[in-house]
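Student: Submitted below is the structure of interest, expressed as structure tokens.
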Amino acid sequence: MIELVRVEKEEEDTLHHLMQFYIYEFAALKPEIKLEQDGTYKRFDLSTYWEDPCHHPFFIKLGEELIGFALVFIGNDGNPNSIEEFHVIRKYNGFGYGRQAALKIFTMFPGKWRITQIEANDPAKAFWRNVIGQYTNGSYSETNDSNRRTIQEFESVSG
């Protein structure tokens, strides 16, 4: 069973370690992403996740094992909710764990949602279309913006 566990500030390094897998896979889609001199990818600035109550970092766990993460923004001032970053490590792709995590997030934070993917990320677009399509019974909109991103918009309800 998949569990979402809030990342505490003192666990930030663990989140950064998980994010290395994400950035590694993302680098194949964005050649401008390069390794730093120490052999790791540049760390994200995650400070807002501990300073702003609208930002929520989660570990995705299968039992006791960390298998991914989700960085969630809860909309305010008329902005929709969004999943800013989301990753399940490759070892666990195809088992439905990402779907379970996404559905839990949608239920935890009811309201309007906006999910984006870069144009080159065909696996992410297929994943989100499938998950959102099933969650909403096909009742979502999809557009593309001037930044070459695919965007799905929909509304979730509490469980």
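The values are calculated or read from the model by the stated rules, or taken from the named source; none is laboratory data. This is a predicted model, so every value here is computed, not measured. With ideal geometry, Cβ positions are generated from the backbone for all residues, glycine too; neighbour counts draw on all protein chains shown.
Student: Restricting the search to segment 60-92, which residues are assigned to a strand (DSSP E or B), touching a residue at least 60 places away in the same chain (Cβ under 8 Å) and either small (Gly, Ala, Ser) or surrounded by fewer than 19 Cβ atoms within 10 Å (Cβ to Cβ) (or both)?
Tutor: Answer for segment 60-92, where residues must be assigned to a strand (DSSP E or B), touching a residue at least 60 places away in the same chain (Cβ under 8 Å) and either small (Gly, Ala, Ser) or surrounded by fewer than 19 Cβ atoms within 10 Å (Cβ to Cβ) (or both): Leu62, Ala70, Glu85.
Student: Here's something else I'd like to know. Considering only residues that are charged (D, E, K, R) and part of a strand (DSSP E or B), look in segment 113-159 and name the one that is nearest to Pro80 (Cα to Cα).
Tutor: Quick first cut of segment 113-159, residues charged (D, E, K, R) only: 114, 119, 122, 125, 129, 142, 145, 148-149, 153, 155.
Next, only the ones that are part of a strand (DSSP E or B) stay: 114, 142, 149, 153, 155.
Working: Arg114: 6, Glu142: 15, Arg149: 16, Glu153: 9, Glu155: 9 Å.
Of everything passing the filter in segment 113-159, Arg114 is nearest to Pro80 (Cα to Cα).
Student: With under 16 Å from the mean Cα position of the chain (by Cα) and either modelled with pLDDT of 95 or more or not basic (Lys, Arg) (or both) as the only criterion, which of Pro110, Pro123 stands out? Give the derivation first.
Tutor: Details: Pro110 fails: under 16 Å from the mean Cα position of the chain (by Cα).
Just a single option satisfies the conditions, and that option is Pro123.
Student: Identify, please: which residue in segment 111-136 is aromatic (Phe, Trp, Tyr) and within 19 Å of Leu29 (Cα to Cα) and is, among those, surrounded by the most Cβ atoms within 10 Å (Cβ to Cβ)?
Tutor: Once the filter is applied, the top-ranked residue is Trp128.
Student: On the given criteria, is Ser139 among the polar types (S, T, N, Q), exposed (fewer than 15 other Cβ atoms within 10 Å of the Cβ) and over 18 Å from Ile2 (Cα atoms)?
Tutor: Numbers: among the polar types (S, T, N, Q): yes; exposed (fewer than 15 other Cβ atoms within 10 Å of the Cβ): yes; over 18 Å from Ile2 (Cα atoms): yes.
Criteria met by Ser139.
Student: Go over the candidates Gln20, Gln37 one by one and state the one that is surrounded by fewer than 18 Cβ atoms within 10 Å (Cβ to Cβ), of a type in the set (S, T, N, Q) and either in contact (Cβ under 8 Å) with a residue 24 or more places away in the chain or closer than 25 Å to Tyr92 by Cα (or both). Spell out how you get there, then give the answer.
Tutor: Working: Gln37 fails: either in contact (Cβ under 8 Å) with a residue 24 or more places away in the chain or closer than 25 Å to Tyr92 by Cα (or both).
Answer to the selection: Gln20.
Student: Kindly indicate whether any position in segment 26-33 is part of a helix (DSSP H, G or I) and under 13 Å from Ile89 (Cα atoms).
Tutor: yes
Student: So Phe95 clears everything in (1) buried (at least 18 other Cβ atoms within 10 Å of the Cβ); (2) farther than 26 Å from Asp13 by Cβ except one condition, right? Which one?
Tutor: (1)
Student: Going by what's in this entry, would Leu18 be described as part of a loop (DSSP other than H, G, I, E, B) and modelled with pLDDT of 95 or more?
Tutor: Values: part of a loop (DSSP other than H, G, I, E, B): no; modelled with pLDDT of 95 or more: yes.
Considered against the rule, which asks whether it is part of a loop (DSSP other than H, G, I, E, B) and modelled with pLDDT of 95 or more, Leu18 comes out as no.
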